[in-house]
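Input: a single structure, listed below in structure tokens.
The values are calculated or read from the model by the stated rules, or taken from the named source; none is laboratory data. As the structure is a prediction and not an experimental result, all values here were calculated from the model. Backbone-built Cβ (ideal geometry, glycine too); neighbour counts: all protein chains shown. Protein only, heavy atoms only, side chains kept; ligands, DNA and RNA dropped before computing areas. Shrake-Rupley method; radii C 1.70, N 1.55, O 1.52, S 1.80 Å.
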Amino acid sequence: MAAVDLKNLREMTEGDPEMERELFAEFISSFESELAQLRASQSDSASETWRRRAHALKGVAFNLGAMRLGELCKQAQDTPQSNAGAKAELLGKIDAEFADVRSYLGELMAA
């Protein structure tokens, strides 16, 4: 199964490969920025910031069609009161899935 379901995206772009590459690049940049902010909010005292950042990541992932990544971000959003260890574990899963998505999109962008 592909890391990203491009069906909806391709309908929106009407299959324009240049527009898709631009959207992929924007996704990667936006996700990296939000992910850095999520990482910075792992402390127990930053639960609302954690929830907001996870919510933003969830939306970015689902809008692209990165469903597994979106589900992991939803888990993060739904568990803002988790301790730092649990957040770190979830961040590891998000990082790994994002690496898969980024790799998949990189292959498409190079094609």
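Quick notes on this structure:
- Taken as a whole, the structure leaves Glu14 outside the set of residues that are at pLDDT below 95 and open to solvent by less than 30 Å² (accessible area, probe 1.4 Å).
- Within the stretch 72-99, the set of residues being of a type outside the set (A, V, I, L, M) and open to solvent by less than 80 Å² (accessible area, probe 1.4 Å) comprises Cys73, Lys74, Gln77, Thr79, Pro80, Ser82, Gly85, Lys87, Gly92, Asp95, Glu97, Phe98.
- Tallying residues that are of a type outside the set (D, E, K, R) and at pLDDT 95 or above within the stretch 68-87 yields 7.
- In summary, Ala88 fulfils each of the numbered conditions (1) assigned to a helix (DSSP H, G or I); (2) within 26 Å of Ala111 (Cβ to Cβ); (3) touching a residue at least 40 places away in the same chain (Cβ under 8 Å) with the single exception of condition (2).
- Only listed residue being more than 13 Å from the chain's Cα centre (by Cα) and open to solvent by 80 Å² or more (accessible area, probe 1.4 Å), chosen from Glu22, Glu32: Glu22
- Across the stretch 57-66, the number of residues qualifying as open to solvent by 30 Å² or more (accessible area, probe 1.4 Å) and over 17 Å from Thr13 (Cα atoms) comes to 1.
- In summary, Gln42 fulfils each of the numbered conditions (1) assigned to a helix (DSSP H, G or I); (2) open to solvent by 40 Å² or more (accessible area, probe 1.4 Å); (3) in contact with a Leu (Cβ under 8 Å, 6 or more places away or on another chain) with the single exception of condition (1).
- Some residue of the stretch 47-67 being in a helix (DSSP H, G or I), at pLDDT 95 or above and polar (S, T, N, Q): no
- Put simply, of Arg21, Arg53, Arg39 the only residue that is basic (Lys, Arg) and over 20 Å from Asp100 (Cα atoms) is Arg53.
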